[in-house]
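Let me begin by presenting the structure, written as structure tokens, before commenting on it.
The values are calculated or read from the model by the stated rules, or taken from the named source; none is laboratory data. Source: prediction; values computed, not measured. Note that we place each Cβ from the backbone using ideal geometry, even for glycine, and neighbour counts take in every protein chain shown.
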There are 2 protein chains.
Amino acid sequence: MAGGEIGIGRALLPFLDWRVPLHRRPRVRPVSMASDSKSVSVSFERLRAHIAATLGRVGLPEADAARVGELMAQADLQGSDGHGVIRLPQYVKRIRAGGINVRPQVRVVHERAAMAVLDGDNGMGHLVVSRAAELAIAKARDAGVAWVGVRHSNHAGPASLYARMPIEHDMIGLYFAVGNANHLPPWGGVEMLLSTNPIACGIPAGEEPPVVLDMATTVAAYGKVKAKAKAGEMMPPGWMIDREGRPLLDPRRADEGFLLPIGGHKGFGLALVVGLLAGTLQGAAMGRDVIDFNRDHVSTTNTGQAILVIDLRAFGDPAAFKAQVDRLVRDLRDGERMGGVERIWLPGEQSHQRRLRYREQGIPVSAGVVADLAALSAELGLPPLV
Amino acid sequence: MAGGEIGIGRALLPFLDWRVPLHRRPRVRPVSMASDSKSVSVSFERLRAHIAATLGRVGLPEADAARVGELMAQADLQGSDGHGVIRLPQYVKRIRAGGINVRPQVRVVHERAAMAVLDGDNGMGHLVVSRAAELAIAKARDAGVAWVGVRHSNHAGPASLYARMPIEHDMIGLYFAVGNANHLPPWGGVEMLLSTNPIACGIPAGEEPPVVLDMATTVAAYGKVKAKAKAGEMMPPGWMIDREGRPLLDPRRADEGFLLPIGGHKGFGLALVVGLLAGTLQGAAMGRDVIDFNRDHVSTTNTGQAILVIDLRAFGDPAAFKAQVDRLVRDLRDGERMGGVERIWLPGEQSHQRRLRYREQGIPVSAGVVADLAALSAELGLPPLV
């Protein structure tokens, strides 16, 4: 796949050719380092405590540090390793540069029966967004449905963390976020005015794992590009192209190109709409106003996120709904497969399995991340993770 | 592009190759028959009145027939010609077969401050869904945000018709629907258990046209396949594949294959989530329960649709929001373009321009559709459209 002259259509072949077994297609295989001999296995509790201790050392109150530690470790636990502890050095750098407020006063700026907008006071995104999810859950219990958005928030990890929160309350979560750096031009353009703006949705099931969709509106999320760079691996073709439309495979050259939207113009449209809903509507940054938090560690990002929560009780009997979801999940999973496909996976099923496995066997953390964390711990005078 | 051995990746090349100017890519060019010498130009008013008269003749009350005529003609006016008057013979066939209730009693089955579920009593989808949109708009005015879903509805035309309705009230519309025939297998499977389940979103702007996204979660909507068949044209590669994964180009052979989801597994996940939100949550059909309304004209479809309406006033000053949308739209449209791209189009901009042009010059209706309508009019003892 070397050479700069490959058209993007051809470059996408390994992702789109139905004759290639699904398990051989790069994008279906999650960025997993479980089988990487250079990774280290760490318990959830140890990872959680390490993150909390680190954030406490740079100024977060104990309860807040514990909350962020819990959420970041959950990201790694479900295999969202581009959004978990790998981000800790960056967060610390931003906190120490004054780019994040460690003692934010989160407040309600707009409120109605079925909505609110919170100002996160430039606090850690995990704190601001989990507060929004909790408020939306409380409001949905009365109004049936509730939307809570945030402004002056920050990067909050994987979208599915928040879309999943309503599930245990027999509620559906639908989550939208503005990404923290623009890597996507409009369809046909080369100016990167949009981010990977993800959509996530968590839907309760009965006996089956919940349906949890978490997707960037680009073929790959930028966190996956960073994880590839950290692991010293090349990206599969189809994730990024350069300004001339040629595949860009080296994640260290990510600055020279941009991400591709799913479905071409449709993914551009989705990224735009998600950004308007999660950003502009909440009075948060969108388009030219988005701060690239990989380069700028000081400026307030004014990140916007929003969650819609739907209470199943308002729509009838939650148990009946969940039985329908079970039936549908089984119909889809047990149906006839294309040749070479070993199993049909439902959205969220792989991360569900990882969560169970990593709880028992420990969470794999790559050697590169371990080294970065060791340097950070030494700098802060803390014991290392491992 | 002949031959059955073309891999789907290669087949998608014309859609994905950034070096092909956008205006030459098949999927960007809407299914437009404006330049077709065999099409006839009809005024919006004439088309609206013809549809209303036809539906009145088969039993719809005058006001209901007028409402459906208005909405169906609006579909053609904006260029959604796979969802407008082309469907009239099929609707009439279903009505005469007893598959649609011409005098439905639409009623509220569940209600809270910010939500409702309507039972459409198997009425015309246009009537049921526009009622849902109106109720959601009224509820959002108080609660800030409102979700109204429907069960026992029917095919209602293009999703954007309803997502657009809140715009004139300074509100955002977000619309989800279950398609009326399953053409999509789960990713890796061959059993068609999902439909094209569209997402639409209408967002008010100030001086610019509103941002209106209307996308099937498949590369092509099935209505476009039907329009190709009607026009006697082949489909571009990438819309459908057969059970062996080979491109399927002949729309008359559509029964032998299935549609491709956008972004592979992501589009499958989106179609599933949209179906759960628009169908299962409302107590409407999803998965195996979906009736193929192209083959079965009698069985109740129990179609589900849902709209979320967000009142801009609850989030601050609508004028300020709309000015931000204008700024963003202009930034995106006026940015640097890839070589060969003449213009960057925002979602909904092309249909906005068509609406203005067709109002003035008339709506093009293809010769094939005109012939079908003439036969229908003769059968019903009505004057022909043209």
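For (1) basic (Lys, Arg); (2) in contact with an Asp or Glu (Cβ under 7 Å, 6 or more places away or on another chain); (3) away from every other protein chain (no Cβ under 14 Å); (4) farther than 27 Å from B:Arg295 by Cα, each residue gets a yes or a no:
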residue: B:Arg141; (1), (2), (3), (4): yes, yes, no, yes
residue: B:Ala159; (1), (2), (3), (4): no, yes, no, no
residue: B:Tyr162; (1), (2), (3), (4): no, no, yes, no
residue: B:Met165; (1), (2), (3), (4): no, no, yes, yes
residue: B:Phe176; (1), (2), (3), (4): no, no, no, no
residue: B:Asn180; (1), (2), (3), (4): no, no, yes, no
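Inspect all residues belonging to region A:350-368 and state whether any of them is on the phi > 0 side of the Ramachandran plot and either surrounded by fewer than 18 Cβ atoms within 10 Å (Cβ to Cβ) or in contact (Cβ under 8 Å) with a residue 40 or more places away in the chain (or both). Walk me through it before giving the result.
Of the residues in region A:350-368, the ones on the phi > 0 side of the Ramachandran plot are A:362.
From what is left, the residues that are either surrounded by fewer than 18 Cβ atoms within 10 Å (Cβ to Cβ) or in contact (Cβ under 8 Å) with a residue 40 or more places away in the chain (or both) are A:362.
Looking through region A:350-368, at least one residue is on the phi > 0 side of the Ramachandran plot and either surrounded by fewer than 18 Cβ atoms within 10 Å (Cβ to Cβ) or in contact (Cβ under 8 Å) with a residue 40 or more places away in the chain (or both).
How many residues does region B:189-216 hold that are in contact (Cβ under 8 Å) with a residue 60 or more places away in the chain, part of a loop (DSSP other than H, G, I, E, B) and among the small types (Gly, Ala, Ser)?
Adding up the residues that qualify gives 3.
Can you name the residue in region A:59-69 that is in contact (Cβ under 8 Å) with a residue 40 or more places away in the chain and not acidic (Asp, Glu) and, of all such residues, is surrounded by the most Cβ atoms within 10 Å (Cβ to Cβ)?
Initially, region A:59-69 is screened for residues in contact (Cβ under 8 Å) with a residue 40 or more places away in the chain, giving A:59-61, A:64, A:67-68.
Now drop any that are not not acidic (Asp, Glu), which leaves A:59-61, A:67-68.
Values: A:Gly59: 15, A:Leu60: 25, A:Pro61: 13, A:Arg67: 19, A:Val68: 27.
For region A:59-69, the residue satisfying everything is A:Val68.
Tally the residues that are crowded, with 23+ Cβ neighbours inside 10 Å and either of a type in the set (Val, Ile, Thr) or outside the structural domain of B:Glu134 (by TED's automatic domain parsing) (or both), restricting the search to region B:289-324.
6
Scan B:Val68, B:Val108, B:Val92 and give me the residue that is within 14 Å of another protein chain (Cβ to nearest Cβ) and at pLDDT 95 or above. Spell out the reasoning first.
Values: B:Val68 fails: within 14 Å of another protein chain (Cβ to nearest Cβ); B:Val92 fails: within 14 Å of another protein chain (Cβ to nearest Cβ).
Checking each option against the conditions leaves just B:Val108.
Just give me the residues in region A:190-224 being within 26 Å of B:Glu336 (Cα to Cα) and surrounded by fewer than 23 Cβ atoms within 10 Å (Cβ to Cβ), in sequence order.
A:Val190, A:Glu191, A:Met192, A:Leu193 - these are the residues of region A:190-224 that are within 26 Å of B:Glu336 (Cα to Cα) and surrounded by fewer than 23 Cβ atoms within 10 Å (Cβ to Cβ).
Right, A:Glu256: touching a Leu at 6+ places or on another chain (Cβ under 7 Å), more than 7 Å from every other protein chain (Cβ to nearest Cβ), surrounded by fewer than 21 Cβ atoms within 10 Å (Cβ to Cβ) and among the acidic types (Asp, Glu) or not? I'd like the intermediate steps shown before the answer.
Numbers: touching a Leu at 6+ places or on another chain (Cβ under 7 Å): yes; more than 7 Å from every other protein chain (Cβ to nearest Cβ): yes; surrounded by fewer than 21 Cβ atoms within 10 Å (Cβ to Cβ): yes; among the acidic types (Asp, Glu): yes.
Spelling it out, A:Glu256 is indeed touching a Leu at 6+ places or on another chain (Cβ under 7 Å), more than 7 Å from every other protein chain (Cβ to nearest Cβ), surrounded by fewer than 21 Cβ atoms within 10 Å (Cβ to Cβ) and among the acidic types (Asp, Glu).
For the structure I just gave you, tell me whether A:Gly59 is farther than 27 Å from A:Glu168 by Cα, at pLDDT 95 or above and not in a strand (DSSP E or B).
So A:Gly59 passes the test.
Out of all the residues in region A:253-272, which are in contact with a helix residue (DSSP H, G or I) (Cβ under 6 Å, 6 or more places away or on another chain) and either closer than 23 Å to A:Gln305 by Cα or charged (D, E, K, R) (or both)?
A:Pro261, A:Ile262
Within region A:345-386, which residues are modelled with pLDDT under 95, of a type in the set (A, V, I, L, M, F, W, C) and assigned to a loop (DSSP other than H, G, I, E, B)?
Residue satisfying the conditions is A:Val386 alone.
Quickly run through region A:134-144 and pick out the residues that are under 22 Å from A:Gly348 (Cβ atoms) and touching a Leu at 6+ places or on another chain (Cβ under 9 Å). First the steps, then the outcome.
Going through region A:134-144, the residues under 22 Å from A:Gly348 (Cβ atoms) turn out to be A:134, A:136-137, A:140.
Correct list: A:Ala136, A:Ala140.
Can you tell me which of (1) free of Cβ contacts under 8 Å to residues at least 60 places away in the same chain; (2) surrounded by fewer than 23 Cβ atoms within 10 Å (Cβ to Cβ); (3) in a helix (DSSP H, G or I) is the one B:Met235 doesn't meet?
The single condition B:Met235 does not satisfy is (3).
Kindly indicate whether any position in region A:268-288 is hydrophobic (A, V, I, L, M, F, W, C), facing chain B (nearest Cβ under 7 Å), crowded, with 24+ Cβ neighbours inside 10 Å and more than 13 Å from A:Ser195 (Cα to Cα).
Taking every residue of region A:268-288 in turn, at least one turns out to be hydrophobic (A, V, I, L, M, F, W, C), facing chain B (nearest Cβ under 7 Å), crowded, with 24+ Cβ neighbours inside 10 Å and more than 13 Å from A:Ser195 (Cα to Cα).
When residues of region B:187-232 are filtered for being more than 17 Å from the chain's Cα centre (by Cα) and at pLDDT below 95, how many remain?
10
Search region A:289-307 for residues being over 17 Å from the mean Cα position of the chain (by Cα) and of a type outside the set (Ser, Thr, Tyr), and hand back the single one that is nearest to the other protein chains (Cβ to nearest Cβ).
Filtering region A:289-307 for residues that are over 17 Å from the mean Cα position of the chain (by Cα) and of a type outside the set (Ser, Thr, Tyr), the one nearest to the other protein chains (Cβ to nearest Cβ) comes out as A:Asp289.
State which residue pairs qualify: first residue within 7 Å of chain A (Cβ to nearest Cβ) and inside region B:321-341, second residue of a type in the set (Ser, Thr, Tyr) in any location, beta carbons under 8 Å apart, and separation of 6 or more residues or different chains.
Sorted first by the residue in region B:321-341, then by its partner, the pairs are B:Phe321/A:Thr280; B:Gln324/A:Thr280; B:Val325/A:Thr280; B:Leu328/A:Thr280.
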